[in-house]
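Reviewing the structure listed below.
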Amino acid sequence: MSFSGYNKEQHIISLFAKDDALAMDELYGEYADYLAKVCSRYIANQEDLHDVLQEAFIRIFTKIHIFEYRGKGSLKAWLTRVVINESLHFLRDNDSSVFIDKDVDLPEVVADEPDIDSLSINQIADTILKLPTGYRTVFNLFVIEGKSHKEIAKLLNIKPDTSASQFYKARSMLARMLKEQNI
């Protein structure tokens, strides 16, 4: 359905407001793939990813009545926030040591930036997924979600210095891994 003035988000919200049986199907069909990709930035194991997504959709469907539509994109942003929060909750509950700043030897610090022009987006995303969980989580929150180290620290119950340290180590490790792919 593509006609002037049609807004998929408003349509889905209106279905929920009317308690329409199709509301959940519409929302799931429109956003499930996107939300799975968001979740996969934090949760590497497929079984865990499915569990986190299921919990996120339960939360979405039970809390959508409190969602306040604020214009195009606001529903997608809210859904994304729910999935990220569920992912972080899962990580905190299942491995509290994942965000402890451990001294990890980085064999060599990559002085120059890797040549990423020859790599596809999928190769870069796959390489990010190979980072240790704590590094990957801080990297995603800082680079992709645009959170400050202070905000990350609050979300993960760590110190801002720990967030900055894990980001530095993630960036160095990622640069080394990407450089190795170009050899």
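The values are calculated or read from the model by the stated rules, or taken from the named source; none is laboratory data. This is a predicted model, so every value here is computed, not measured. Here Cβ is always computed from backbone atoms with ideal geometry, including for glycine, and neighbour counts include all displayed protein chains. Side chains included, ligands, DNA and RNA excluded: accessible areas come from the protein's heavy atoms. Shrake-Rupley method; radii C 1.70, N 1.55, O 1.52, S 1.80 Å.
Full-extension gain between Tyr28 and Phe61, please, as 0.36 nm times their residue separation minus the C-alpha to C-alpha distance.
Contour length minus Cα-Cα distance gives 10.9 nm.
The stretch between Glu180 and Glu47 holds 44.9 nm of extra length on full extension. This uses 0.36 nm per residue minus the Cα-Cα distance. Each of His149, His89 has its accessible area taken with a 1.4 Å probe; listed largest first, they run His89, His149. Taking label points 7 Å from Cα along the Cα-to-Cβ direction, Ser148 and Asp93 give a separation of 3.0 nm. Ordering 34-41, 64-71 by mean Cβ neighbour count within 10 Å, with the highest value first, yields 34-41, 64-71. Working from Cα pairs under 8 Å separated by at least six residues, relative contact order for the stretch 1-70 is 28 percent. Ordering Glu180, Glu145 by accessible surface, largest first, gives Glu180, Glu145; the 1.4 Å probe counts only protein heavy atoms, with every chain in place.
Pairs Lys76/Lys159; Lys18/Lys154; Lys147/Lys169; Lys63/Lys147; Lys63/Lys159; Lys72/Lys169: which are spaced more than 27 Å apart, C-alpha to C-alpha?
Long pairs (Cα-Cα over 27 Å): Lys76/Lys159; Lys18/Lys154; Lys63/Lys159; Lys72/Lys169.
Against the criterion of solvent-accessible heavy-atom surface with a 1.4 angstrom probe, Leu155, Leu79, Leu119, Leu22 sort, most first, into Leu22, Leu155, Leu119, Leu79.
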